[in-house]
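Asker: Let me give you the structure first, and then I'll get to my questions.
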Amino acid sequence: MGMSGDTMENSLEEFGQDEERFGPRGPSEHRRELADRLIRRLNVKEHNAIFEMISAKAYYGGILIMILVFFYWIFIHSASDNPELGVSILMQLSFADVAIAVMVFGLFSAFFRDYSRELGQLLPSLISGGMIIVCGFYFIEPLVYGFVSNELEIQTALWRSLRLGFLWGGVTFCAHFLVDASLLLWLKQFCANHDIDISPEAEEHIPDPPVESIA
């Protein structure tokens, strides 16, 4: 993607060459690279598309949140599972509390992983990896109770793991939408602060080869 007047790369080079234009609070090299990377990864075709993309991603993120809330309320909180059976050995949580833990850990794990990927930081990825292990443990634990011990019936164990897997996958997708929306919001503000107008690159026109006349 490019920007009006010049391409994104040319405009970013101008930032680095003209420090006086922005003063001591001008954009750092890291922020310029981040803006360029976001434009390319999220396929921002032009400046006005940022507004539509922020709205769309936040919209779908909100839909997913409410779907997960209703799913938890109907299929877990209001379900007939006996909370005394299959209590987790990790923090002694009941199944309903395990479902909440999976949503929380799964959501923050996806948040940290996505931000680490964009910002190039080590610590968020380490935290994300640890949270993934916790979610995986909670997901597998009902299956262990069902197939290895007699504490849960196999059908109940499968149904519990299936519900946990749905919640885990749902919050992961939700986090992707919300992270992208927040990064696009930052990109919109960055472009506004530095008078950057994103526009499609001009398509190269390849002229047709000349037709030789037949004598």
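Bear in mind that the values in this text are calculations on the coordinates, not laboratory data. What you see is a predicted model; the values in this text were computed from it and never measured. Ideal geometry is used to build each Cβ from the backbone, glycine not excepted, and the neighbour counts take in all protein chains shown.
Asker: With r as the distance between the Cβ atoms of Ala79 and Arg117 and R0 = 41 Å, compute the FRET efficiency 1/(1 + (r/R0)^6) and round to 0.05.
Answerer: Plugging the Cβ-Cβ distance into 1/(1 + (r/R0)^6) gives 0.70.
Asker: Which order, highest average first, do 179-185, 40-46 follow once you tally other Cβ atoms within 10 Å for each residue and take the mean per peptide?
Answerer: Numbers: 179-185: 20.1, 40-46: 14.4.
Highest to lowest by the protection proxy: 179-185, 40-46.
Asker: Can you put Ser125, Ser149 in order, fewest other beta carbons within 10 Å first?
Answerer: The order, fewest Cβ neighbours first, is Ser149, Ser125.
Asker: If you stretched the chain out fully between Leu143 and Leu93, how much longer would it get, using 0.36 nm times the residue separation minus the C-alpha to C-alpha distance?
Answerer: Details: separation 50, 0.36 × 50 = 18.00 nm, distance 1.60 nm.
Going from the current span to full extension adds 16.4 nm.
Asker: How do 105-118, 155-168 rank on mean C-beta neighbours within 10 Å, highest first? Mind showing how you got there, number by number?
Answerer: Numbers: 105-118: 20.3, 155-168: 18.6.
Put in order of decreasing packing, that is 105-118, 155-168.
Asker: Another question about this same structure. Toward the positive end of the charge dipole of the range 2-199, about the Cα centre and with charges on Cβ (Lys, Arg +1; Asp, Glu -1), which of Val171, Leu34, Leu143 goes farthest?
Answerer: Of Val171, Leu34, Leu143, it is Leu143.
Asker: Okay, moving on. Using packing as a proxy for protection, rank 83-92, 136-145 so that the peptide with the highest average count of other Cβ atoms within 10 Å comes first. Before the final figure, lay out each step's value.
Answerer: Values: 83-92: 12.8, 136-145: 18.6.
Those peptides, ordered most packed to least, come out 136-145, 83-92.
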